Amino acid sequence: MAKQDLYELLGVAKGASLDDVKKAYRKLAMQHHPDKNPGDKAAETRFKDITQAYDVLKDEQKRAAYDRYGHAAFEHGSGGGGGFGFGGFADIFDEMFGDIMGGGARRGGGRGAARGQDLRYNMEITVEEAFHGKKAKITVPSSVSCDSCKGSGGKDGSAPKACPTCRGAGKVRSQQGFFTVERTCPMCQGAGQVISDPCPTCRGQGRTRKDKSLEVTIPPGVEEGTRIRLASEGEAGLAGAPPGDLYIFLALQPHRMFQRDGANLYMRMPVAMTTAALGGEVEVPSIDGSRVKVSIPKGCQHGHRFRLKGKGMTVLRSTARGDFFLEAAIEVPINLTDKQKKLLQDFEKDSDRKTYSPETQGFFDRVKEFLDELAK
Ligand SMILES: [Zn+2]
Ligand SMILES: [Zn+2]
């Protein structure tokens, strides 16, 4: 049988744009759709032909191949992709009319539906653990492939049979007015297979519930919200289908000393008023467990920031480390004895504020200027 030219089939010119091809197909598909022409074999064939033509002409690569080699381009070994199986038809149809058909025509049924569920495991770790990394043992409630039937779901490992309802397709079609609606087969839940002689241990499920113990390596430098994927450690699939994945979601416990922001760490460092005035040294802990001496210059002001380079957090998949920032919190003395009060009063009387508190003096000077202006 001679094959008709694909452009002629859709009634478009050879150089037609993708838009024109789409428009032409949509119009013809509406006209020749089998649901609109019940029992009309010619319409059905015509519909298949235009759908096939559209499948080629909407795809830049297939179209180029067709322009060059004609139908010969698709004659050998194109398999599912270029061929015209039922699946290919459904895909194109969904693509064109999915908006009209609404949720009823969702793709993704078929065998994929039986894949095991992904599991989520929430883990809280300390900032130190995030710094060093750790190995954690976790117990995951899960289902595993059934030992008795090796996951097949059939007694003594007997193989499942094609589902009689959907004849193995995993989907059933029904007619809703003009359109054909496709849904997951209710008999086999999309697996396309049923078990005639179910395994007694798992009642044909191919999997049994079991707590699973896993050792998880948390690498150094993980952050709040980091997700670790353990491939195939999720729930076992139905009847021998592949298992899902396990995702570990990490959350960081708040630390009582360190605040973390990415690779950097922050800490509020209280400094006694006298140390801040006279200069001195403060010792602080570092996240790596060591102690760091910070020298406080004399006249250190409240809020002064010290940066300790490379003393911050570890960085995921890197040997680098962030920085450690310390913010001086100058503590004004409280609970003074009479003697201390006297010393401070003497200090204030004796001294020239312009020299020892330039900012305060400057402020008072500006206030005075401001009030004088108002009084004018
Ligand atoms: Zn079993
Ligand atoms: Zn079925």
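Laboratory data are not the source of any read-out in this text; all were calculated from the coordinates shown. This one's a predicted model, so the numbers in the text were calculated from it and none came from an experiment. For neighbour counting, all protein chains shown are included, and Cβ atoms are generated from backbone atoms with ideal geometry for every residue, glycine included.
Ordered by the number of other Cβ atoms lying within 10 Å of each residue's own Cβ, fewest first, THR126, THR314, THR319 fall into the sequence THR319, THR126, THR314. Normalised by the residues of the chain, what does the relative contact order come to in percent, with Cα pairs under 8 Å and at least six apart? Relative contact order comes out at 13 percent. Residues considered: ASP40, ASP55, ASP211. Largest GNM mean-square fluctuation over the chain, using C-alpha springs under 10 Å, is found at ASP40. For ASP372 and SER295, a Förster radius of 41 Å and the Cβ-Cβ distance give a FRET efficiency of 0.40, rounded to the nearest 0.05.
Here the Gaussian network model covers the chain, with springs between Cα atoms less than 10 Å apart; of GLY312, GLY39, GLY299, GLY39 fluctuates the most. In percent, rounded to a whole number, the relative contact order of segment 213-257 is 37, using alpha-carbon pairs under 8 Å and six or more apart. Computed over the chain, the per-residue total of -39500 (n - 2.57) for DSSP H runs of n ≥ 4 gives a 222 nm mean residue ellipticity of -9000 deg cm²/dmol, rounded to 500.
Cysteines in the chain lacking any other cysteine Cβ under 4.7 Å from their own Cβ: CYS300. Computed from label points 7 Å out along Cα-Cβ, the spacing between ALA16 and PHE364 is 9.1 nm.
Just to be sure I understand: with springs between alpha-carbon atoms less than 10 Å apart, which residue in GLU182, GLU44, GLU224 has the highest mean-square fluctuation in the Gaussian network model of the chain? The residue with the greatest mean-square fluctuation here is GLU44. Annotation: lysines with alpha-carbon distance below 24 angstrom to LYS212 (same-chain offsets under eight excluded): LYS134, LYS135, LYS137, LYS150. Ignoring solvent entirely, what values of log10 I(q)/I(0) come out of the Debye formula for the chain at 0.06, 0.11, 0.12 Å⁻¹ when each Cα is a single scatterer? One equal scatterer on each Cα of the chain leads to -0.56, -0.97, -1.05. The order of SER152, SER174, SER232, going from fewest to most other C-beta atoms within 10 Å of their C-beta, is SER174, SER232, SER152. Partners of LYS27 within straight-line reach, counting lysines whose Cα lies under 28 Å from its Cα and excluding those fewer than 8 residues away in the same chain: LYS3, LYS14, LYS36, LYS41, LYS48, LYS58, LYS62, LYS171. Relative to the longest principal axis of the Cα atoms of the chain, the long axis of helix 18-32 lies at roughly 50 degrees.
Kindly express, to the nearest 10 degrees and within the range 0 to 90, the angle between helix 358-375's C-alpha long axis and the longest C-alpha principal axis of the chain. Helix 358-375 sits at roughly 90 degrees to that axis.
Within a straight-line Cα-Cα reach of under 18 Å, LYS309 can be paired with the following lysines, leaving aside sequence neighbours fewer than 8 residues apart in one chain: LYS293.
Lysine pair count for segment 317-376 (Cα-Cα distance under 22 Å; residues 8 or more apart in sequence or on different chains): 7. Looking at the chain alone, DSSP beta bridges between its own residues are antiparallel in about 70 percent of cases. Summarising the amide proton neighbourhood of GLY168: residues at separation of 5 or more, or on other chains, whose placed amide H is nearer than 5 Å comprise CYS163. Take the Cα coordinates of segment 143-275, assign each an equal point scatterer, and use the Debye formula without solvent to give log10 I(q)/I(0) at q = 0.20 Å⁻¹. Cα-only, vacuum Debye calculation for segment 143-275: -1.10.
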